């Protein structure tokens, strides 16, 4: 098993290959696997801090993006959370959320985070202190719940 490299970067810090690999990984998971037809390049990447794990060859294993208050929600937030097929079964999702929470706490000086979680991940996020707000909805035909961490 190769070494896993963790990276945290703003949009301006991306190399072109990094950006390409991130967009490819998000499309593989959301568009191909989950069959969600949506515009992934939504104009928010430029305002996000991106957190991800990659192999030495640059292949993405896990990824998410985090936002300061007032961009996606009133609170800070994280989203576009993925673990690619190659990254699954290695506890990378847990490490990813830990790094994302730490990034928010360190850069935005708050532990209050709001997310839009796919319902099958409610317990997963609950383990990090996220609580179901009761706000439930369908997004791309997938049940979601808004969760908050204080």
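Out of segment 84-124, which residues are assigned to a loop (DSSP other than H, G, I, E, B) and either surrounded by 15 or more Cβ atoms within 10 Å (Cβ to Cβ) or free of Cβ contacts under 8 Å to residues at least 40 places away in the same chain (or both)? Of everything in segment 84-124, those that are assigned to a loop (DSSP other than H, G, I, E, B) and either surrounded by 15 or more Cβ atoms within 10 Å (Cβ to Cβ) or free of Cβ contacts under 8 Å to residues at least 40 places away in the same chain (or both) turn out to be 84, 88, 89, 90, 91, 109, 111, 112.
Looking at 41, 53, just one residue is within 15 Å of the chain's Cα centre (by Cα) and not in a strand (DSSP E or B), and that residue is 41. Looking across 48, 53, one residue alone is more than 28 Å from residue 133 (Cα to Cα) and in contact with a strand residue (DSSP E or B) (Cβ under 7 Å, 6 or more places away or on another chain). It is 53. Every condition in (1) touching a residue at least 12 places away in the same chain (Cβ under 8 Å); (2) out of contact with any helix residue (DSSP H, G or I) (no Cβ under 6 Å at 6 or more places or on another chain) holds for residue 19 except the one numbered (1).
Can residue 55 be described as closer than 14 Å to residue 6 by Cβ, modelled with pLDDT of 95 or more and surrounded by fewer than 17 Cβ atoms within 10 Å (Cβ to Cβ)? Please lay out each step first, then the result.
Details: closer than 14 Å to residue 6 by Cβ: yes; modelled with pLDDT of 95 or more: yes; surrounded by fewer than 17 Cβ atoms within 10 Å (Cβ to Cβ): yes.
So residue 55 passes the test.
Screening the candidates 78, 23, 19 for the property of being more than 27 Å from residue 149 (Cα to Cα) and either part of a strand (DSSP E or B) or within 13 Å of the chain's Cα centre (by Cα) (or both) yields one hit, 23.
The values are calculated or read from the model by the stated rules, or taken from the named source; none is laboratory data. Keep in mind that what you see is a predicted model, and the values were worked out from it rather than measured. As a convention, Cβ positions derive from the backbone with ideal geometry for all residues, glycine included, and neighbour counts pool all protein chains shown.
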